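Structure record follows, encoded as structure tokens.
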Amino acid sequence: DMNDAQKIISDLANDIVQRGLSVPAVFFLESTKYVSFIGSQFLVFLGPIATCFVNNQKYYDFTTLLEKKSNIDFLINEIERINLNIK
């Protein structure tokens, strides 16, 4: 569901801004958004190791979201929007 995807992305954007990582996150996302599908597949490959440290379902939901460039664009926009509202 798209609303669920947007909620997950908005929560991630909020976490990024709260940790003060807006600039490096936007820089990283802008530079890698055209290879986001490859990156998401790499995260799937790392899944068995990564899920030892994070929630299994949330991790795989996130990797699915990263497959679409439009979701990366939405994440960048959310980071910028939240960052502007805080300042």
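The values are calculated or read from the model by the stated rules, or taken from the named source; none is laboratory data. Remember, predicted model here, so these are calculated numbers, not experimental data. The area values use the complete protein model at the heavy-atom level, side chains included, leaving out ligands, DNA and RNA. Shrake-Rupley method; radii C 1.70, N 1.55, O 1.52, S 1.80 Å.
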Residue-by-residue Karplus 3J(HN,Hα) for segment 21-31, coefficients 6.51, -1.76, 1.60, Hz, glycine and proline x: 10, 4, 5, x, 5, 5, 4, 4, 5, 4, 7
Probe radius 1.4 Å, ligands and nucleic acids left out: which of T64, T32 has the largest accessible area, and how do the rest follow? T64, T32
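Provide F42, F62 ordered by accessible surface of protein heavy atoms (probe 1.4 Å), highest first.
Numbers: F42 115, F62 65 Å².
So, going from the largest accessible area down, we get F42, F62.
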Enumerate the aspartates and glutamates that K69 could reach by cross-link, defined here as Cα to Cα under 13 Å, with residues fewer than 8 away along the same chain left out. E30
